[in-house]
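Worksheet for the structure shown next.
The values are calculated or read from the model by the stated rules, or taken from the named source; none is laboratory data. Everything numeric in this text was worked out from a predicted model, so none of it was measured. Note that we place each Cβ from the backbone using ideal geometry, even for glycine, and neighbour counts take in every protein chain shown. Keep in mind that these areas ignore ligands, DNA and RNA; they rest on the heavy atoms of the full protein, side chains included. Shrake-Rupley method; radii C 1.70, N 1.55, O 1.52, S 1.80 Å.
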There are 2 protein chains.
Amino acid sequence: MATITHNKIFAGTFIHSKTREKLEYLHNTAIAVSAEGVIVAICSKDDSQAAVQAVLKETQWPGDTETLILGDKQFFFPGLIDTHVHASQYPNVGIFGKSTLLDWLNTYTFPLESSLANPSAAHRVYTACVRRTLAHGTTAAAYYATQSATSTAVLADVCLHLGQRALVGRVCMDQPDMCPEYYRDESPAAALAASVESIEYIRQRDPLFDLVTPVLTPRFAPSCSPRAMADLAALAARHNLPIQTHISENTSECALVGRLFPDLSSYSAVYHAHNLLTPRTILAHAIHLSDAEAALLASNNCKISHCPCSNSALTSGAARVRWLWSHGLSIGLGTDMSGGYSPSILEAARHAALVSRHVAMHTADDAEKEGVKLTVDEVLYLATRGGADVIGMADRVGGFEVGKQWDAIHIQLATVDESGLRNDDELGGDAGNVDLFGTESWEEIVAKWLYNGDDRNCKKVWVKGRLVHQRR
Amino acid sequence: MATITHNKIFAGTFIHSKTREKLEYLHNTAIAVSAEGVIVAICSKDDSQAAVQAVLKETQWPGDTETLILGDKQFFFPGLIDTHVHASQYPNVGIFGKSTLLDWLNTYTFPLESSLANPSAAHRVYTACVRRTLAHGTTAAAYYATQSATSTAVLADVCLHLGQRALVGRVCMDQPDMCPEYYRDESPAAALAASVESIEYIRQRDPLFDLVTPVLTPRFAPSCSPRAMADLAALAARHNLPIQTHISENTSECALVGRLFPDLSSYSAVYHAHNLLTPRTILAHAIHLSDAEAALLASNNCKISHCPCSNSALTSGAARVRWLWSHGLSIGLGTDMSGGYSPSILEAARHAALVSRHVAMHTADDAEKEGVKLTVDEVLYLATRGGADVIGMADRVGGFEVGKQWDAIHIQLATVDESGLRNDDELGGDAGNVDLFGTESWEEIVAKWLYNGDDRNCKKVWVKGRLVHQRR
């Protein structure tokens, strides 16, 4: 994998989150990206050509530097970040029947994950998954592989090869009563050894964890022994690595945790007691938390992955994003494939807005009800800067600033002409499901993209300056 | 518009609803469709070629009759039916901010609808809308045009030209206090006259209402005078025409109806008092009904259009489909653009499944909770046979039986090869967002299509035997 390419200039309209509440629209702007994939200059002028000249002057790069200037109804958007996704479950997306979490694991999930101990099966599934998520503009993902260290190594290799930024976690699950005999770590010691093996494999392939970083991944409290949880926490501390797991997804699961850990006061307290609550810990779901638990997670500066498609599909519940924010927690979005049915973080953002409205429907106070709803700007913040913070990369990706890396999407939308027909041909083929009529404000263009956009609108996708996907 | 073409044979796998609970999978089957677009023979054999021979024998058609035999991972599905959609609002899809029904109407909707009194503006919007919905496999739609009879005539013409089966309604709205001065019928008499004009225009263009049928369309109780409602009901009775309106979408709207009609016991009672509850009445939303109202609607054999995308987007509420069914009501799906953000009935079906899970989350009893959830088979029933019944065409469309008309979609899905790459090229281009791995049962293939399918999977679409859309 060549991550170093050559200097490039991008120009046109750039849209990213200025704050959690507001997107910023940078028009007639040029951004210079170094051969190392880092943004080195940003200039805004009266038109895009003038902006390009300005960054050329600032960088002192030659006039023939490769330059991409976007046309009308096109913009650059930060790469989308998937903070919770099981790459190994990709073949099962859309298949969940009427199941809920615990029966879904046994019926659909464990048999599939276990089959990926075979490296060629793993390579096939992970390649399809990473290519698909890249096509949807996912430039970074926090992946669960499987319990097998071999399978996990394959996922790391696929991400490196295809150029997607990733946390890659071997799934620790050693609790004999809770994990099927055919698919579990044999002991806490075996779990620890396999996790160490996985870390060392990734270190060998990407020594600085430049693109792929190992992540300690106790599946969830019920599937891990106390010993294994504590060992993984110690390993994370020793190597300064992130941790990812699930919390409070489903009421039956919460009750199960209560039965398994009768001496601990809550699900969050279980992780706290085993040293798993750190500023680099990503907790998926966080639906049924108490105020005390939210406060505990916030005081440990833990990060939350909100997975609305999954939570609706598995009838898990509706996470209260505004309430989590009010506790000071940092939140990103996860597809949670295949509990979630969609590979798209744009779909997750859309569904986050819709689920917040379902939360609002059950909020009695009218003023509070309005406040509960998430706006277009807020769900796109979750998809980018929110996600970047959750995976510990807020200093590197999530928006367009000098010093950040060029993880970005070229978004292209089609327009309906005066006869009601579209300009797909001049855009190089089917430009997707969004029809612009030419009267929309930029805010409305972004809303239309959020609600009807798909991978067809992701014309090109870059990670760290490298072109990792383009529509033909 | 030429509706008569020539005899055709379709062969391969056909999937449609056998009952409300179960899809039926007809493999190695051939269906003969006459030049008039009617299914005249269906034969199933050991392979598709033998089935084609069998229908040729049964029909005594020549051996060179045009025949389409589908390959692997492809199937025919009945055309999808949109039982509630405002064609005039199409440019606004995805644009609703944090609004709810009543402010949404004034902010986003009335200004746009009013602008379509200009026929060329109307032609542009309706062409884009009908082409887009056809591309998603919508073969029949119950459309609201606008208050303008001229604009309504344009919509009827566009449907006839593009070949989509449609109910087309001029929107009646004459209540001065509730409708803006720039966009309303001047009086009950003017409202009646414009509705008659609209019916007669359509009769002139399609004398037997073969493809396009006029539908009486009082916007909703608050926007119509009692006189106008009663007059439209009488007109519907005189011409034996369908009626469409909205009911019980939002709690503020329900309270408003209570204030406007203090002598009537419920929203449903208002329509009942004005003779609008008939077996050909399509009521959109039906979210906040009481048991007594559901019983009243059922006793009048009214039909319900469930619009889950809209109801979530506008925070209207979550309709209880299982509960409506338990009252004996017949239900279909509506996109309700642009309260709903999506032109796709497949997306509506997906969201109907998800919304039913949100209803389940707030159902206390565990056994009942499971029952509330809608299955893949059930939401696809809603999208086809359910919709056909709601628009009064259950005898003509919605499934594959001899005597029914050929309103159908050719669904094509792509497969991931052993390297994790896709076979799009051999399928003629981007075959969409569904990745099959080859191990899926037919039930799982359909679930994958429901949850990740889009217009790219609709390779060809026919209405009454006429090819009305095909992917290039």
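Just a few scattered comments:
- Inter-chain Cβ neighbour count for B:419-427, averaged per residue, equals 3 (cutoff 10 Å, partner chain atoms only).
- Gap separating the Cα centres of the stretch B:165-221 and the stretch A:83-110, nearest whole Å: 49 Å
- Reduced Cα scattering model of the stretch B:148-242, Debye log10 I(q)/I(0), q = 0.14, 0.16 Å⁻¹: -0.47, -0.61
- Accessible-area rank, largest first, for A:Thr5, B:Thr29: A:Thr5, B:Thr29, with all protein chains present and a 1.4 angstrom probe.
- Of B:Lys18/B:Lys373; A:Lys22/B:Lys369; B:Lys73/B:Lys303; B:Lys22/B:Lys404, pairs whose Cα-Cα distance is over 30 Å: A:Lys22/B:Lys369; B:Lys73/B:Lys303
- Label-point gap, in nm, between B:Arg472 and A:Arg259 - each point 7 angstrom along Cα→Cβ: 6.0 nm
- Spin-label pair A:Glu66/A:Ser187, simplified geometry with 7 Å Cα→Cβ offset, distance in nm: 5.3 nm
- Normalising the average separation of contacting C-alpha pairs (under 8 angstrom, six or more residues apart) by the number of residues puts the relative contact order of the stretch A:80-391 at 20 percent.
- Cα lying deepest toward the dipole's positive end in the stretch A:325-444, options A:Thr335, A:Leu421, A:His351, charges on Cβ: A:Thr335
- Annotation for A:Thr439 and B:Ala273: the two label points, set 7 Å from Cα along the Cα-Cβ direction, are 3.7 nm apart.
- Pairwise inverse Cα distances across the stretch A:313-410, averaged and inverted, put the Kirkwood hydrodynamic radius at 14.5 Å.
- Relative to its residue count, the stretch A:219-357 spans a Cα convex hull of 101 Å³ per residue.
- Geometric extent, Cα atoms of the protein assembly as shown - Rg, Dmax (angstrom): 28.0, 85
- Inter-chain neighbour count for B:96-107: the average number of beta-carbon atoms from partner chains within 10 Å of each residue's beta-carbon is 2.
- Proximal charge balance of A:Met178 [Cβ under 14 Å; K/R count +1, D/E count -1]: -3
- About its Cα centre, the stretch A:379-459 has a charge dipole of approximately 420 debye under the convention of +1 per Lys or Arg Cβ and -1 per Asp or Glu Cβ, with nothing else charged.
- Other copies of A:Ala117: label-to-label distances in nm, shortest first, labels 7 Å along the beta-carbon direction: 7.4
- nm² value of the averaged projected area, convex hull over the Cα atoms of the stretch B:1-41: 3.6 nm²
- Shown are B:Ser419, B:Ser310, whose ranking by accessible area with a 1.4 Å probe and every protein chain present, most to least, is B:Ser419, B:Ser310.
- Three principal axis extents describe the C-alpha atoms of the stretch A:405-472; from largest down they are 41, 26, 15 Å.
- Farthest toward the positive end of the dipole of chain A, out of A:Pro279, A:Phe76, A:Asn250, is the Cα of A:Pro279, where the dipole comes from beta carbon charges about the Cα centre.
- Summarising the amide proton neighbourhood of B:Leu333: residues at separation of 5 or more, or on other chains, whose placed amide H is nearer than 5 Å comprise B:Thr83, B:His306, B:Gly387.
- The portion of the accessible surface of the protein assembly as shown made up by carbon and sulfur, rounded to a whole percent, is 50 (1.4 Å probe; DNA, RNA and ligands excluded).
- Among residues other than A:Ile411 with Cβ under 10 Å from its Cβ, the summed charge is +3 (Lys and Arg +1, Asp and Glu -1).
- Cα-Cα pairs of the stretch B:363-435 separated by more than 13 Å (percent): 76 percent
- Reference-scaled alpha-carbon Rg (2.2 N^0.38 Å with N residues) for the stretch B:96-224: 1.04
- Dipole magnitude of chain A about its Cα centre (Cβ charges: Lys, Arg +1; Asp, Glu -1), debye to nearest 20: 660 debye
- B:Glu370 contributes about 70 Å² of solvent-accessible surface, heavy atoms of the protein only, 1.4 Å probe.
- Across the alpha-carbon atoms of the stretch B:80-391, the computed radius of gyration and Dmax are 17.8, 56 angstrom.
- Note on exposure: B:His327, A:His362 ranked by accessible area (1.4 Å probe, complete protein assembly) read A:His362, B:His327, with the most exposed listed first.
- If R0 is taken as 51 Å, the Cβ-Cβ distance between B:Ser299 and A:Asp425 corresponds to a FRET efficiency of 0.40.
- Neighbouring partner chain Cβ atoms per residue of A:118-124, average, 10 Å criterion: 2
- Ratio of the Cα radius of gyration of the stretch A:343-472 to 2.2 N^0.38 Å, where N counts its residues: 1.22
- Cα point-scatterer Debye curve for the stretch A:1-103, base-10 log of I(q)/I(0) at q = 0.12, 0.15, 0.16 Å⁻¹: -0.56, -0.72, -0.77
- Accessible area per residue was computed with a 1.4 Å probe on protein heavy atoms; B:Trp104 scores about 10 Å².
- The calculated FRET efficiency for the pair B:Ala364 and A:Ala237, based on their C-beta separation and a Förster distance of 45 Å, comes to about 0.55.
- For the stretch B:59-214, a crude dipole built from +1 on the beta carbon of Lys and Arg and -1 on the beta carbon of Asp and Glu, taken about the Cα centre, is about 400 debye to the nearest 20.
- Positive-end residue of B:Ala87, B:Asn452, B:Ala408, charge dipole of chain B with Cβ unit charges: B:Ala87
- Solvent exposure of the stretch B:196-253 amounts to 34 Å² per residue of accessible area, where only protein heavy atoms count and the probe is 1.4 Å.
- Using a probe of 1.4 Å on the protein chains alone, the accessible area found for A:Arg131 is around 110 Å².
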